[in-house]
Amino acid sequence: MKRIPYKTYLPEEKLPQAWYNVRADMADQPAPMIHPGTHEPMTAEQLTPIFIEECCRQETDNTTRYIDIPGPVMDYYRTYRPSPLCRAYHLEKALDTPAKIYYKFEGNNTSGSHKLNSAIAQAYYAKKQGLEFLATETGAGQWGTALSMACAYMDIELRVYMVKGSMMQKPYRKTVMETYGANVFASPSETTSVGRKLLAEYPDTTGSLGCAISEAIEAALSKGSDCRYALGSVLNHVLLHQSVVGLEAKTAMETLDEYPDLVIGCAGGGSNLGGLMSPFIQDKLLGKRAPKFIAVEPASCPSLTRGRYAYDFGDTGCTTPLLKMYTLSSGYIPHPNHAGGLRFHGMSPILSKLRHDGVIDARAVPQKAVFEAAALFAKVETILPAPESSHAIRVAIDEALECKKTGETKTILFGLSGTGYFDMTAYSSFLDGSMTDYVPTDEDLEKAFATLPKA
């Protein structure tokens, strides 16, 4: 039998030339964004005061199956793409499993993650529109780093609001962003009215992604017509750009005459998960194949497994359009002990709809089990994984061990969406035993659900 290589690199000419829009193949579309005042669906034109114009068009396009990747974006992609599809032979051996485990590695660029795939697209469209400034938020710091890189390349100024708890855990992420020219603020901050209000009410808060989003939007709007807000996850156009990950993975597996029985990804806002899964979801929607999809989220921020499928704001300050998604409510703030990333209170409307319709499954895992999986993976596969990615590793290991019990030879594909070299505080707390698992009670969640908007 021909041995499958450890790493499969597609030739450059196999790099996808177009992004895949999974909405074009969904019989039932995700619910539209609605205006929080009128409760009417929002058009692309109504979104343009906040977002980049071309991103607004992509956000509301439910019918175009493939959208061409612009030439300058393709040129930038070629500096770090295609990324490798790896066979985890050493992990299979350590687990003594008959399962075949593959992972798509997105950490081979300075941002250390998949986030650069959308960052460069958004920066390109911003430059084409004539914008001079962008504002954004970042949680773990990967998106902020990626957009800093993209804006430096496109000569656009950038302001980043980083969740305060993350900045405390990963101070050197701020340094990297500043190296690329970004102005970085711990959120909540004194630079916005939303930040000042939260600090007055909760002076010791470590912040949340929802709060950082509110500050970034306020900052963008205060700059005027030459500035827009850029988001690194959740929205439709971001998942569209990230489809390059799944398209490459699918092509690489086809060259090996392989196809996954299970596709597993970590779930925060949905960009990595949606990007990896979308071309395989197309096969399922069109009746060609029937792989199983598992979204893995932290037990401390369990939107897909314990959230409500409802309209909600995307930010704590309640300034965004309303999105129908699985949510814990925009005011939900993860426990300060939560070190594993994936802190957003909601989930991509696309993935929420697919979850609601039973196309994808979801699983929540506690963070100590996540870091146990991360440590094993690092020891046998040599890569120190990001805490976020390690959620997917945890469930990939669990599924491979289940194959060991049953004797099934399943093919497992998971997304290794980034590296963990800036996550030493989190790894240290795991190694010294100070890390704890926090799982919100039903009462905690009910209090949060009570604040959901009536829509």
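Details
- So Tyr80, is it open to solvent by less than 50 Å² (accessible area, probe 1.4 Å), out of contact with any strand residue (DSSP E or B) (no Cβ under 7 Å at 6 or more places or on another chain), free of Cβ contacts under 8 Å to residues at least 40 places away in the same chain and among the aromatic types (Phe, Trp, Tyr): yes
- Residue among Ala216, Ala212 that alone is surrounded by 24 or more Cβ atoms within 10 Å (Cβ to Cβ), out of contact with any helix residue (DSSP H, G or I) (no Cβ under 9 Å at 6 or more places or on another chain) and in contact (Cβ under 8 Å) with a residue 24 or more places away in the chain: Ala216
- Residues in the range 380-416 that are surrounded by fewer than 24 Cβ atoms within 10 Å (Cβ to Cβ), of a type in the set (D, E, K, R) and touching a residue at least 12 places away in the same chain (Cβ under 8 Å): Glu381, Glu399, Lys404, Glu408, Lys410.
- Hits in the range 421-430 (condition: part of a helix (DSSP H, G or I) and in contact with a helix residue (DSSP H, G or I) (Cβ under 8 Å, 6 or more places away or on another chain)): Thr425, Ala426, Tyr427, Phe430
- Strands (runs of 3 or more DSSP E) completely within the range 1-99 that count 1 or more residues being in contact with a Gly (Cβ under 8 Å, 6 or more places away or on another chain) and modelled with pLDDT of 95 or more: 18-20
- Residue selection: Leu256 fails the criterion of being among the aliphatic types (A, V, I, L, M) and within 29 Å of Pro334 (Cβ to Cβ).
- Pairs linking a residue in the range 104-125 that is more than 24 Å from Leu413 (Cα to Cα) to a residue that is of a type in the set (Asp, Glu), with Cβ atoms under 8 Å and 6 or more positions apart or on different chains, are Tyr125/Glu53; Tyr125/Glu54.
- Yes/no for Tyr125 being within 17 Å of the chain's Cα centre (by Cα), of a type in the set (Phe, Trp, Tyr) and under 25 Å from Ser243 (Cβ atoms): no
- Residues that are small (Gly, Ala, Ser) and more than 15 Å from Leu351 (Cα to Cα) within the range 281-313 comprise Gly287, Ala290, Ala299, Ser300, listed in sequence order.
- Residues of the range 154-169 that turn out to be at pLDDT below 95 and out of contact with any helix residue (DSSP H, G or I) (no Cβ under 7 Å at 6 or more places or on another chain), as a count: 4
- Selection from the range 259-299 of residues that are assigned to a loop (DSSP other than H, G, I, E, B) and in contact with a Ser or Thr (Cβ under 6 Å, 6 or more places away or on another chain): Pro260, Asp261, Gly269, Gly270
- Candidates are the residues of the range 38-57 that are over 28 Å from Cys151 (Cβ atoms) and without any contact (Cβ under 8 Å) to a residue 60 or more places away in the chain; the one that is most open to solvent (accessible area, probe 1.4 Å) is Glu40.
- Scope the range 349-403; condition out of contact with any helix residue (DSSP H, G or I) (no Cβ under 7 Å at 6 or more places or on another chain), closer than 26 Å to Thr327 by Cβ and among the polar types (S, T, N, Q); matching residues: Ser352, Gln367, Ser389
Yes/no matrix, rows are residues, columns are (1) crowded, with 19+ Cβ neighbours inside 10 Å; (2) hydroxyl-bearing (Ser, Thr, Tyr); (3) closer than 21 Å to Cys318 by Cα:
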{"site": "Glu12", "(1), (2), (3)": "no, no, no"}
{"site": "Pro16", "(1), (2), (3)": "yes, no, no"}
{"site": "Asn21", "(1), (2), (3)": "yes, no, no"}
{"site": "Met26", "(1), (2), (3)": "no, no, no"}
{"site": "Gln29", "(1), (2), (3)": "no, no, no"}
{"site": "Pro32", "(1), (2), (3)": "no, no, yes"}
{"site": "Pro36", "(1), (2), (3)": "no, no, yes"}
{"site": "Asn62", "(1), (2), (3)": "no, no, no"}
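- Counted residues, the range 310-339 - those being over 19 Å from the mean Cα position of the chain (by Cα) and open to solvent by less than 50 Å² (accessible area, probe 1.4 Å): 6
Every residue, every condition in (1) under 28 Å from Arg87 (Cβ atoms); (2) within 17 Å of the chain's Cα centre (by Cα); (3) surrounded by 22 or more Cβ atoms within 10 Å (Cβ to Cβ); (4) modelled with pLDDT of 95 or more, yes or no:
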| position | (1), (2), (3), (4) |
| --- | --- |
| Leu221 | no, no, no, no |
| Val245 | yes, yes, yes, yes |
| Ala252 | yes, no, yes, yes |
| Tyr259 | yes, no, no, yes |
| Val263 | yes, yes, yes, yes |
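- Across the range 100-138, the number of residues qualifying as among the small types (Gly, Ala, Ser) and either part of a helix (DSSP H, G or I) or more than 30 Å from Asp315 (Cβ to Cβ) (or both) comes to 5.
- First in the range 185-197 and within 15 Å of Leu209 (Cβ to Cβ), second anywhere and part of a loop (DSSP other than H, G, I, E, B), Cβ under 7 Å, 6 or more apart: Phe185/Thr191; Ser187/Gly207; Pro188/Thr205; Pro188/Gly207; Val194/Gly317; Gly195/Pro188; Gly195/Ser189
Residues checked against (1) closer than 19 Å to Gly107 by Cβ; (2) surrounded by fewer than 24 Cβ atoms within 10 Å (Cβ to Cβ); (3) modelled with pLDDT of 95 or more; (4) in contact with an Asp or Glu (Cβ under 8 Å, 6 or more places away or on another chain):
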residue: Val238; (1), (2), (3), (4): yes, no, yes, no
residue: Gln242; (1), (2), (3), (4): yes, no, yes, no
residue: Leu256; (1), (2), (3), (4): no, yes, yes, no
residue: Met277; (1), (2), (3), (4): yes, no, yes, no
residue: Lys292; (1), (2), (3), (4): no, yes, yes, yes
residue: Ala295; (1), (2), (3), (4): no, no, yes, yes
residue: Leu304; (1), (2), (3), (4): no, no, yes, yes
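- Glu372, sole failed condition from (1) open to solvent by 10 Å² or more (accessible area, probe 1.4 Å); (2) closer than 28 Å to Pro188 by Cα: (2)
The values are calculated or read from the model by the stated rules, or taken from the named source; none is laboratory data. Given the structure is predicted, the values throughout are model-derived calculations rather than measurements. Cβ coordinates were reconstructed from backbone atoms using ideal geometry, including for glycine residues, and neighbour counts include every protein chain displayed. Calculation scope for accessible area: heavy atoms of the full protein, side chains included, ligands and nucleic acids excluded. Shrake-Rupley method; radii C 1.70, N 1.55, O 1.52, S 1.80 Å.
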